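Reading through the structure tokens given below for one structure.
The values are calculated or read from the model by the stated rules, or taken from the named source; none is laboratory data. It should be emphasised that the depicted structure is a prediction, and the values quoted were computed from it without experimental measurement. For neighbour counting, all protein chains shown are included, and Cβ atoms are generated from backbone atoms with ideal geometry for every residue, glycine included. Heavy atoms of the whole protein, side chains included, go into the accessibility calculation; ligands, DNA and RNA do not. Shrake-Rupley method; radii C 1.70, N 1.55, O 1.52, S 1.80 Å.
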Amino acid sequence: MRVLYLCLLILTLTSTSASANENIAYDKIAERAFIHYIQPAVKKFEAETSVTSLLIGALCENPDQKGLTSVRQQFKRSLKAWSAVEILRFGPLITDNNYERFQFYPDRKGLALKIIRRAFVSRAPDLINPELLVNKSIVLHGFGALEYILFGANSDTLIRETPQAIYRCALARTISIIMSRNAATLRNSWSSKNFARFFLNPSVTNPIYKTSREPVAELIKTLTTILQAATDQKLGPPLGKDRKFTRPKLAIFYRSEQTFKSIQNNMKNADKLFQSARFDQLLDEDSHWVSTAITTEFANLDRLLNKLHGIPVQEAFLEKKHRVTISLIRISIAVLYDHLKNTYANAAGLLVGFNALDGD
Amino acid sequence: MLPGYLSGSMHSMEISRRTLLASATVSLFMTGKCPTARAGTVQFASCRREVNGSFSAVLLDEAGQDLEVFPLQGRGHDVAFSPDGRILVAPARRPGNFCLVASTSNSFAPRIITAPIGRHFYGHGVFSKNGHFYFTTENDFENAIGIIGIYDVNRGFMRIGEYRSYGVGPHDIAILPDGKTIVVANGGIETHPDYGRAKLNLPLMKPSLAYIDVENGNQVDLAILHDNLHKLSIRHLTVIANGTVWFGCQFQGSKLESPALIGHHRMGEPIAMTHLPDELAGQLKNYIGSITGNSAGDIVAASAPRGNLVLFWNTVTGAYLGNKSMKDGCGIAATSDNGFLLSSGSGKIAATAISPGSLTTLSSRPDISWDNHMTNHG
């Protein structure tokens, strides 16, 4: 009997230890993702939006071509920083409609354009006051609205001192102030006192993450979400099923010619998150190839997106040669999606339930 | 005519009282063609993913064994039986546009009906009380309007018109015991097939329970959740004998919040949400996958597949009764002994003998996945 107890004790200790080790492996992924990717990304985004707001303020004070050029360049830098944050579609970014505040896309009905044009006509004073605009439509709180003001029709008039131009610049400044404040809030929401407390400490008493696997499953889900968004929302609708159905003006950030650049940055950042968190550490020797396949496919995707550098959106979505490239990009994304959602998730013990998908 | 809606390409209809209530001409699809097939047996149906990754709709017996397997061209969702149990219909999961119509007694070959251009299915449908019409939730995706498609069973499931669902993103649908009122869960989420399964209007969601006159499509009642719950998408529902609608929701807000996900409603009254013990609320992961009443109507079961739980309520007192653990458990159907048959995405079918009593595994095939819903007839 004593031998039996001893065997049971050893068995229990061994399995507890194995389970604890397994939990540590998952916890480390979340920790590395937080330290090496999430924290720097939200910090950089806060900094870039702050600079954008300062430069737009300066342009409004002294409108000239140099200032406008500088603002437009800074907008692109802000957008680049956003491309890193955009892929973190969980926690703070999806709280209080934060994602839609920064990026109201897809905007199938052209709501942003309608509201901005109406603002230009009305020149309503409450829209150029950040304390008041913050309570207005979220369509006026993000990149889409700012892009139209800085790059859309008649945006070159921003260097003039007409009442229309002055109002246009003031609206840009107000939006940029809101974006900068929201970016600061986002960074703070990710602090170790706030959401990171839950993300890094899964437990049965944690209101969001009960087990060590759940934060890692969240990261896989966010990676697959950005892949799905790139192909289903950003590339598919403007491409159309054939040339007859091409609608380049549905493309994200086409006015600033950042459509493909922003998608490429999303993909680069997804790869960076995957590598910096060391997702490969969850794979055993037999399934390690999955991690290599994912990294290789990200590289292939980057190579394909490089081919669209400098190609105007109209041309890219209309010309056969480029349409082929875009289709190849979508195939590459589909391969990555399958690798992550099925092969990797299965090998790493993170498979999502068949009946747990959104919208069913 | 249907007031205020039916212009342009929209097809309207008014189902006459005579058509609705009287018996109709016997057709290929109607009763009488094959009177004895599986008569007297209780049948169940559910969609599933097969070992090879293909999809099908399956007719089952009470022991969870296959009776018939009908291949599908894509993933299904729910299955509806005709009132006489001879026809089963399985519309595609969103945003699919195919719908299987099959005989449970081999009296006609399975056939596929297709959603019209500009529409797709949401995976749910229901027969009129006399079995002459089939109503299914559809999306008019260009205009982001919820639609109830109307199909004439006697005319080979020809689509003869449509009603508004009085909301966006209609999902589950049922008929009240009076046979005169359709109730539909408008989830409130706008989607468009060009954008995959992306949710396009989360900040502006407005879910509702809409009650619609079967005969003319008029709105009879519209129950809306309080503004602070506008992200609580009403997805699934079940109607018990006294006409009370029990419904299950999926919350699209912050994961730090755990609002009540199960509610009940009677026409003309305010919505009532149920209470769960605090320690359970967070475990459901803000997601209810299916809800069904037992045959006596005194107990309702709701599944939370993300939380791996099936929960039970007393419909008379509204009291929470308890729960059972089932990994990725989602499909629920009432059994003849007043209990429930449960199915899971990990291939299991189990029964609760006396709800919410013990869970008995009837079959387990980890290589297949049962889809979200299970339906019974008999």
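Odds and ends about this structure:
- Yes/no for A:Arg303 being in a helix (DSSP H, G or I) and within 14 Å of chain B (Cβ to nearest Cβ): no
- Checking each residue in region A:308-334 for being β-branched (Val, Ile, Thr) and surrounded by 17 or more Cβ atoms within 10 Å (Cβ to Cβ) picks out A:Ile311, A:Val313, A:Thr325, A:Ile326, A:Ile329, A:Ile333.
- Scope region B:182-214; condition among the small types (Gly, Ala, Ser) and open to solvent by less than 10 Å² (accessible area, probe 1.4 Å); matching residues: B:Ala185, B:Gly187, B:Gly188, B:Ser208, B:Ala210
- Residues in region A:217-230 that are crowded, with 20+ Cβ neighbours inside 10 Å and under 13 Å from A:Pro106 (Cβ atoms): A:Ala229, A:Ala230.
- All positions within region B:286-318 that are without any contact (Cβ under 8 Å) to a residue 24 or more places away in the chain and either hydrophobic (A, V, I, L, M, F, W, C) or within 13 Å of chain A (Cβ to nearest Cβ) (or both): B:Arg306, B:Asn308, B:Val316
Residues checked against (1) touching a strand residue (DSSP E or B) at 6+ places or on another chain (Cβ under 7 Å); (2) assigned to a strand (DSSP E or B); (3) among the polar types (S, T, N, Q):
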residue	(1), (2), (3)
B:Ile234	yes, yes, no
B:Leu237	yes, yes, no
B:Asn242	no, no, yes
B:Gly248	yes, yes, no
B:Lys255	no, no, no
B:His264	yes, yes, no
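- Scope region B:200-210; condition at the interface with chain A (Cβ under 7 Å from one of its Cβ atoms) and assigned to a loop (DSSP other than H, G, I, E, B); matching residues: B:Leu200
- Qualifying residue in region B:72-87 (condition: in a loop (DSSP other than H, G, I, E, B), touching a Pro at 6+ places or on another chain (Cβ under 7 Å) and closer than 16 Å to B:Asn154 by Cα): no
- Whichever residue in region A:79-102 is part of a loop (DSSP other than H, G, I, E, B) and surrounded by fewer than 21 Cβ atoms within 10 Å (Cβ to Cβ) and, among such residues, is farthest from the other protein chains (Cβ to nearest Cβ): A:Arg89
- Among (1) surrounded by fewer than 22 Cβ atoms within 10 Å (Cβ to Cβ); (2) among the small types (Gly, Ala, Ser); (3) not in a loop (DSSP other than H, G, I, E, B) - the single one B:Ser303 does not satisfy: (1)
- Looking at A:Gln73, A:Gln65, just one residue is of a type outside the set (Gly, Ala, Ser), more than 11 Å from every other protein chain (Cβ to nearest Cβ) and free of Cβ contacts under 8 Å to residues at least 60 places away in the same chain, and that residue is A:Gln73.
- Complete set of residues in region A:229-287 that are closer than 15 Å to A:Leu219 by Cα, in contact (Cβ under 8 Å) with a residue 60 or more places away in the chain and among the charged types (D, E, K, R): A:Lys272, A:Arg278
- If you check A:Leu219, A:Leu227, A:Leu235, A:Leu273 for being hydrophobic (A, V, I, L, M, F, W, C), under 20 Å from A:Ile29 (Cβ atoms), within 14 Å of chain B (Cβ to nearest Cβ) and outside any loop (DSSP other than H, G, I, E, B), only one passes: A:Leu227.
- Boolean, B:Gly331 is open to solvent by 10 Å² or more (accessible area, probe 1.4 Å) and either touching a Ser or Thr at 6+ places or on another chain (Cβ under 6 Å) or in contact (Cβ under 8 Å) with a residue 12 or more places away in the chain (or both): no
- For beta carbons closer than 7 Å, sequence separation of 6+ or different chains, a first residue in region A:316-327 that is in contact (Cβ under 8 Å) with a residue 40 or more places away in the chain and a second that is open to solvent by 60 Å² or more (accessible area, probe 1.4 Å), the qualifying pairs are A:Leu318/A:Arg243.
- Taking the criterion of being more than 13 Å from every other protein chain (Cβ to nearest Cβ) and of a type in the set (Val, Ile, Thr), the residues of region A:306-360 that qualify are A:Ile311, A:Val313, A:Val324, A:Thr325, A:Ile326, A:Ile329, A:Ile331, A:Val335, A:Thr343.
- Selected residue (only one of A:Lys261, A:Lys272 is surrounded by fewer than 22 Cβ atoms within 10 Å (Cβ to Cβ), more than 26 Å from B:Asp194 (Cα to Cα) and not assigned by TED's automatic domain parsing to the domain that holds A:His36): A:Lys272
- Selection of first residues in region A:110-132 that are open to solvent by less than 50 Å² (accessible area, probe 1.4 Å) and of second residues that are hydroxyl-bearing (Ser, Thr, Tyr) and not in a helix (DSSP H, G or I), restricted to Cβ pairs under 8 Å at least 6 apart or on distinct chains, gives the following pairs, ordered by first then second residue: A:Ile115/A:Ser137.
- Among the conditions (1) open to solvent by less than 10 Å² (accessible area, probe 1.4 Å); (2) within 27 Å of B:Asn52 (Cβ to Cβ), the only one that B:Asp78 does not satisfy is (1).
Matching residues to (1) open to solvent by 10 Å² or more (accessible area, probe 1.4 Å); (2) outside any helix (DSSP H, G or I):
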{"position": "A:Tyr148", "(1), (2)": "yes, no"}
{"position": "A:Thr157", "(1), (2)": "yes, no"}
{"position": "A:Gln164", "(1), (2)": "yes, no"}
{"position": "A:Tyr167", "(1), (2)": "yes, no"}
{"position": "A:Ile175", "(1), (2)": "no, no"}
{"position": "A:Ser192", "(1), (2)": "yes, yes"}
{"position": "A:Pro207", "(1), (2)": "yes, yes"}
{"position": "A:Pro215", "(1), (2)": "no, no"}
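- Checking B:Gly179, B:Gly146, B:Gly217, B:Gly161 one by one, the residue that is open to solvent by less than 30 Å² (accessible area, probe 1.4 Å), farther than 18 Å from B:Arg235 by Cα and in a strand (DSSP E or B) is B:Gly161 and no other.
- Scanning region A:249-263 for residues being in contact with a Pro (Cβ under 9 Å, 6 or more places away or on another chain) and more than 21 Å from A:Leu301 (Cβ to Cβ) gives a total of 2.
- Region B:39-69 - residue that is within 21 Å of B:Pro91 (Cβ to Cβ) and polar (S, T, N, Q) and, of those, most open to solvent (accessible area, probe 1.4 Å): B:Ser54
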